[in-house]
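Enquirer: Here it is, the structure in full.
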Amino acid sequence: MLDQDTICGVSTPPGEGGIGIIRISGPKAIEIAIMIFKTASAKKLGDSASHTLLYGQVCDPGTGDVIDEALVSVMRSPASYTREDVVEINCHGGMLPLWRTMNLLISSGARQAEPGEFTKRAFLNGRIDLAQAEAVMDIIHAKTELSHRAANEQLMGGLSAEVAALRDGLVSIIAAVEAGIDFPEEEIEMQTGQPLADEVGSALRTVEELISGHRYGRVLREGIATAIIGKPNVGKSSLLNCLLKQDRAIVTDIPGTTRDVLEEYLNIGGLPFKILDTAGIRHSHDVVEQEGVKRSLAVIGKADVVLIILDGSQPLTAEDKRVIEEAKGKPAIVVMNKCDLERKAEAPACPEVVAEISCMTGAGLDSLRKSIVGLVKQGVVPPREHAWAVNQRHKTALEHAKASLERALASTTSGLSAEFIALDLRDAIDSVGLISGATHTDDILERIFRDFCIGK
């Protein structure tokens, strides 16, 4: 049952800023706001029409002290984010006026919202479904125009509409199957044989297409994992700093300076990249450095793209060849660093893509960026403009639905009893319903909303 408390929370990031917003939602939102807000005109907050803005002061109702001047907006149910009465207080953005105002609201009968509780209420009140709720956080965390557009399309209900159509189709199939089971005396023609197999197979293909969007969604949310690898002191950390255009990693002439994996996000050609600067790969008796090498090798295994850094001013060594061998089978680019010096290293035959750069002068970096984007667009992690950015939760639900549909299809083609087919179809419907929240449990809601900020 939906909590009937009135909640409040600061919706803007902590720190100093021009504006700070406190949001109130619930059956007593307007009543509580009236207690602490005095309008500067004769117009009263309680009499204001929905979606209007009033100027006045936030005051302590006990002492009459003025806390801050503010603009207050009123959004009456159901035309609000939560479909409840919502009041937003626009204060100055310092921490003190915001939290003094929050204390007044709490002492006047509101309680502080839990993380994501406003969006959770929007879901429970039927304004959005779970897939749309997840899109809210994807929009907040979007790092590129592509990821923002994908999240916005999901918020607008694109994925939800496709899932709803899939679920409706499954409901129609099971209705035809169960009608023949439940009302045999009515001589209803039960859907069986090849026609039923065709319908189940069509639903199965739709599920598989949706599952294929998971990799696309992972790229948009997490970035294309790009590992910078090489032996010590070839310029891995220098390349990271050059790509970021800031001194993120410590760079020295001492081999083995980088001991752990550094992660940074970068927008290259409109695509999100998670750049991973790794420890130099070599044999070492240093226990800490050995752990760094171990982590570097693990990163290579999980990376989408690998940048193999070689010192072009020196002949290839056994350590260089080991690095190249470790990256075997991965989409990779050989990056010949120190092209400002005399070239002494021969590029390996594989990988074929070779870029020459100088981290000292910046030469070749633009060409390297183009090579990275080109490698991705050739099929390493193809950005699919019209694919839905399916997340891990969606994928898990879809994989359960796929398994159920595969069993239903096998039962149909084998001529098994309609009861078995109906059971698997119902499991598939329940699994698909988890995506939009047509079926949900408290633990699912907890997982979805726990990473939200308090004011959202």
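The values are calculated or read from the model by the stated rules, or taken from the named source; none is laboratory data. What you see is a predicted model, and the numbers here were worked out from it, not measured in a lab. Note that each Cβ is placed from the backbone with ideal geometry, even for glycine, and that neighbours are counted across all protein chains shown. Keep in mind that these areas ignore ligands, DNA and RNA; they rest on the heavy atoms of the full protein, side chains included. Shrake-Rupley method; radii C 1.70, N 1.55, O 1.52, S 1.80 Å.
Enquirer: Any chance you could count how many residues in segment 418-455 are open to solvent by less than 50 Å² (accessible area, probe 1.4 Å) and free of Cβ contacts under 8 Å to residues at least 24 places away in the same chain?
Expert: Qualifying residue count, segment 418-455: 2.
Enquirer: Hey, could you check segment 149-173 for residues that are more than 30 Å from residue 418 (Cα to Cα) and among the hydrophobic types (A, V, I, L, M, F, W, C) and say which is most open to solvent (accessible area, probe 1.4 Å)?
Expert: My answer is 156.
Enquirer: Further question on the same structure: Do we have any residue at all in segment 397-407 that's closer than 30 Å to residue 113 by Cβ and either in contact with a Pro (Cβ under 8 Å, 6 or more places away or on another chain) or crowded, with 16+ Cβ neighbours inside 10 Å (or both)?
Expert: The answer is yes; a qualifying residue exists.
Enquirer: Out of segment 236-245, which residues are buried (at least 24 other Cβ atoms within 10 Å of the Cβ) and not hydrophobic (A, V, I, L, M, F, W, C)?
Expert: Answer for segment 236-245, where residues must be buried (at least 24 other Cβ atoms within 10 Å of the Cβ) and not hydrophobic (A, V, I, L, M, F, W, C): 236, 237.
Enquirer: Is segment 91-104 home to any residue that is of a type outside the set (Ser, Thr, Tyr), modelled with pLDDT of 95 or more and assigned to a strand (DSSP E or B)?
Expert: no
A quick yes/no check of all residues on (1) out of contact with any Asp or Glu (no Cβ under 8 Å at 6 or more places or on another chain); (2) open to solvent by 20 Å² or more (accessible area, probe 1.4 Å):
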site: 42; (1), (2): yes, yes
site: 57; (1), (2): no, yes
site: 64; (1), (2): yes, yes
site: 70; (1), (2): yes, no
site: 83; (1), (2): yes, yes
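Enquirer: If you go through segment 361-373 one residue at a time, do you hit one that is on the phi < 0 side of the Ramachandran plot, surrounded by fewer than 17 Cβ atoms within 10 Å (Cβ to Cβ), in contact with an Asp or Glu (Cβ under 6 Å, 6 or more places away or on another chain) and modelled with pLDDT of 85 or more?
Expert: Checked segment 361-373: at least one residue is on the phi < 0 side of the Ramachandran plot, surrounded by fewer than 17 Cβ atoms within 10 Å (Cβ to Cβ), in contact with an Asp or Glu (Cβ under 6 Å, 6 or more places away or on another chain) and modelled with pLDDT of 85 or more.
Enquirer: If you check residue 225 against the conditions, is it among the hydrophobic types (A, V, I, L, M, F, W, C), surrounded by fewer than 22 Cβ atoms within 10 Å (Cβ to Cβ), modelled with pLDDT under 80 and touching a Leu at 6+ places or on another chain (Cβ under 7 Å)?
Expert: The answer is no for residue 225.
Enquirer: Of everything in segment 82-102, what is under 14 Å from residue 6 (Cα atoms) and not aliphatic (A, V, I, L, M)? Give them in sequence order.
Expert: Applying the first criterion (under 14 Å from residue 6 (Cα atoms)) to segment 82-102 yields 82-88, 102.
Matches in segment 82-102: 82, 83, 84, 85, 88.
Enquirer: Contact list please: Cβ distance under 8 Å, first residue in segment 93-110 and farther than 18 Å from residue 19 by Cα and open to solvent by less than 50 Å² (accessible area, probe 1.4 Å), second residue among the acidic types (Asp, Glu) and in a loop (DSSP other than H, G, I, E, B), pairs at least six apart or on different chains.
Expert: 104/60; 110/5
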